[in-house]
Amino acid sequence: MDAVEPLEVKIEETSQVERTLSITVPASTVEKKLDLAYLALGLRVRLPGFRPGKAPRRLLEQRYSEQIEDEVVRDLTQQAYLDALEQHSVDAVSSPSMMNEGALKKGQPFKFQAKVQVRPKVNPTDYTGLELQKREATVTDEQVEKRLEEIRKRMAKLVPVEGRDVARAGDWVTVDYVATVEGAEFPGGKAEGVKVEIAPGEIIHSKVAALEGVKVGETKTLDYTFPPDYQVEAVKGKTGRFQLTVKDLNAQVTPELNDDFAKEIGGGQTLAEMREKVRNDLLAAERAKVRQADRDELLKDLLKRNPFEVPEAMVEHAVDNMLQTAVRSMQRQGVDFSQLRLDLASLRADLKQKASTEVKGTLALEAVGRKEGVDVSSEDVDAKIQELSRETGNSVEVIQQALEDPGTKRQFYEKLREEKTIEFLKARAKYS
């Protein structure tokens with residue numbers, strides 16, 4: 001078997017986060033690629049007077065040389081680029097920008113350049129004694145009672161009003177409405193059976209104080225100016241005229257805060273148990289806030305002491321993740337992201353600085369953990385699984401099953417290693 005000639009690769013460090021690879025593919029490799037390409041072509045095309053696979057190479061070259069050379073160049077650059085990355089341990093984080101140094105020529109080596117963004121090499125120093133404010137997660141009785149009241153109000157039910165037909169403040173009424181702007185209808189300007197509250201607020205938020213005193217069956221006409229950023233383009237900043245016909249009256253009945261209520265919503269067998277569960281949930285949320293605040297403050301000082309550049313591709317990827325997280329959160333709340341008509345370019349620009357800081361923070365913490373030999377033990381994993389089980393309500397078995405997915409497992413370990421690195425830095429921080 002003929003020996004395979006190696007690639008010739010020269011790497012230029014054009015910046016902390018960019019490399020230019022000058023790659024030369026040996027003439028023997030080019031020749032083999034061309035031979036294979038013409039062989040495959042001869043088997044799939046028909047030339048008059050020749051059986052498949054029997055057409056002379058020179059005729060194929062006359063008719064198909066441009067097509068074949070384009071295919072070979074594409075294959076050569078792709079494979080040679082990947083081989084060069086592997087052979088020289090280039091940690092690419094973006095798609096390459098390719099530039100050929102000349103046309104493909106028979107019997108000649110093929111040369112091209114690939115410019116690519118790379119993961120920066122971070123060597124952190126001076127990371128003991130980072131500035132950090134002392135914080136504690138606490139929950140007051142007032143916070144617990146406020147949350148219980150919020151839950152109670154969420155469980156309120158609407159019941160028909162009996163004995164009167166005139167709307168009062170605080171009622172919820174069912175209305176049919178027709179709205180126009182400058183005398184013309186617009187998308188979403190007509191609906192039936194809509195519930196609105198007779199309370200101060202915006203009509204687009206289902207609050208219409210002006211319906212107070214209106215009888216069932218009567219129609220109330222009112223004007224409303226839409227916000228400049230309203231999602232319907234045709235009415236942004238314009239004044240609409242609404243005709244609302246009251247169909248029925250409903251009163252909001254809020255359940256009493258007692259043991260029966262606790263059993264109904266699954267908060268415990270008694271109100272006392274529900275209070276304890278609410279307190280624990282609030283405390284878990286406060287602890288998460290403290291952890292995030294500590295992380296943000298530590299990273300601010302760490303990155304100030306260890307500035308470095310990050311590639312645009314990693315920042316854009318972080319922006320993508322932020323947007324995907326926001327979309328998933330909206331979907332869980334029943335909001336259709338596509339209907340919000342957001343300016344995505346502007347939104348991405350707004351998120352870019354935050355994304356850049358997050359990428360730098362993640363890289364810096366990885367580097368500190370690597371330098372200090374921070375590792376994740378089986379005891380750490382078990383403790384984290386137990387913690388997640390308590391916080392999410394999922395069983396240990398369900399969480400362990402989720403960790404069988406390689407991607408989920410990798411993220412789990414990366415997050416756990418980062419948390420241990422932060423604890424390492426907190427133990428050596430300068431508190432104020």
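The values are calculated or read from the model by the stated rules, or taken from the named source; none is laboratory data. Predicted model, so just to flag it, every value in this text is computed and none were measured. Heads up, the Cβs are rebuilt from the backbone with ideal geometry, glycines too, and the neighbour counts pull from every protein chain shown.
Only one of the numbered conditions (1) touching a Gly at 6+ places or on another chain (Cβ under 8 Å); (2) without any contact (Cβ under 8 Å) to a residue 12 or more places away in the chain; (3) among the hydrophobic types (A, V, I, L, M, F, W, C) is not met by ALA429, and that is (2). The requirement of being under 21 Å from GLY369 (Cβ atoms) and over 21 Å from the mean Cα position of the chain (by Cα) is fulfilled somewhere in segment 410-420, by at least one residue.
Give segment 356-387 a look and list any residue that's within 29 Å of PRO124 (Cβ to Cβ) and hydrophobic (A, V, I, L, M, F, W, C), or say none. The answer is VAL359, LEU363, ALA364, LEU365, ALA367, VAL368, VAL374, VAL376, VAL381, ALA383. Of all residues in segment 179-200, those satisfying the criterion of being among the small types (Gly, Ala, Ser) and not in a loop (DSSP other than H, G, I, E, B) are ALA179, ALA184, ALA191, GLY193. Just one of the numbered conditions (1) surrounded by fewer than 14 Cβ atoms within 10 Å (Cβ to Cβ); (2) at pLDDT 90 or above; (3) not in a helix (DSSP H, G or I) is not true of GLN353: (3). Would you mind stating whether GLY170 is in contact (Cβ under 8 Å) with a residue 60 or more places away in the chain, assigned by TED's automatic domain parsing to the domain that holds ASP248 and of a type outside the set (A, V, I, L, M, F, W, C)? For GLY170, the condition - in contact (Cβ under 8 Å) with a residue 60 or more places away in the chain, assigned by TED's automatic domain parsing to the domain that holds ASP248 and of a type outside the set (A, V, I, L, M, F, W, C) - is met.
This table checks each residue for (1) polar (S, T, N, Q); (2) without any contact (Cβ under 8 Å) to a residue 40 or more places away in the chain.
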| residue | (1), (2) |
| --- | --- |
| GLY369 | no, no |
| VAL374 | no, no |
| GLU379 | no, yes |
| ALA383 | no, yes |
| SER389 | yes, yes |
| SER395 | yes, yes |
| ALA402 | no, yes |
| ASP405 | no, yes |
| ARG410 | no, yes |
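Which one of these does ASP35 not meet: (1) among the acidic types (Asp, Glu); (2) assigned to a strand (DSSP E or B); (3) over 45 Å from the mean Cα position of the chain (by Cα)? Checking ASP35 against (1) among the acidic types (Asp, Glu); (2) assigned to a strand (DSSP E or B); (3) over 45 Å from the mean Cα position of the chain (by Cα), the one that fails is (2). The set of residues in segment 203-219 that are in a loop (DSSP other than H, G, I, E, B) and in contact with a strand residue (DSSP E or B) (Cβ under 8 Å, 6 or more places away or on another chain) comprises SER206, VAL208, GLY213, VAL214, VAL216, GLY217, GLU218.
Residues are listed down the side, and each one gets a yes or a no for (1) among the polar types (S, T, N, Q); (2) loosely packed, with under 14 Cβ neighbours inside 10 Å; (3) under 21 Å from LEU249 (Cβ atoms):
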site	(1), (2), (3)
ILE151	no, no, no
ARG164	no, yes, yes
ALA167	no, no, yes
THR180	yes, no, no
ALA184	no, yes, no
GLY189	no, no, no
LYS195	no, yes, yes
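The condition of being assigned to a helix (DSSP H, G or I), closer than 19 Å to ALA293 by Cα, out of contact with any Asp or Glu (no Cβ under 9 Å at 6 or more places or on another chain) and not assigned by TED's automatic domain parsing to the domain that holds LEU323 holds for only one of GLU379, GLU423, GLU418, GLU387, that being GLU423. Within segment 89-134, the set of residues being among the polar types (S, T, N, Q), surrounded by 16 or more Cβ atoms within 10 Å (Cβ to Cβ) and over 28 Å from LEU302 (Cβ atoms) comprises GLN113 only.
Condition check ((1) assigned to a helix (DSSP H, G or I); (2) of a type in the set (Gly, Ala, Ser); (3) touching a residue at least 60 places away in the same chain (Cβ under 8 Å)) across all residues:
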site	(1), (2), (3)
GLN231	no, no, yes
GLY240	no, yes, yes
VAL246	no, no, yes
PRO255	no, no, yes
ASP260	yes, no, no
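List pairs: first in segment 118-134 and under 17 Å from GLU309 (Cβ atoms), second outside any loop (DSSP other than H, G, I, E, B) and β-branched (Val, Ile, Thr), Cβ under 8 Å, 6+ apart or cross-chain? These pairs meet every condition: PRO124/VAL368. Scanning segment 390-415 for residues that are surrounded by 12 or more Cβ atoms within 10 Å (Cβ to Cβ), more than 21 Å from GLN292 (Cα to Cα) and not polar (S, T, N, Q) yields VAL396, VAL398, ILE399, ALA402, LEU403, LYS409.
If you go through segment 258-267 one residue at a time, do you hit one that is loosely packed, with under 13 Cβ neighbours inside 10 Å, basic (Lys, Arg) and within 37 Å of the chain's Cα centre (by Cα)? The answer is no; no qualifying residue exists.
Restricting attention to segment 300-312, the residues that are surrounded by fewer than 18 Cβ atoms within 10 Å (Cβ to Cβ) and assigned to a helix (DSSP H, G or I) add up to 5.
Among the numbered criteria (1) part of a helix (DSSP H, G or I); (2) more than 28 Å from GLU312 (Cβ to Cβ); (3) of a type outside the set (Val, Ile, Thr), which single criterion is violated by GLY334? Single failed check for GLY334: (1).
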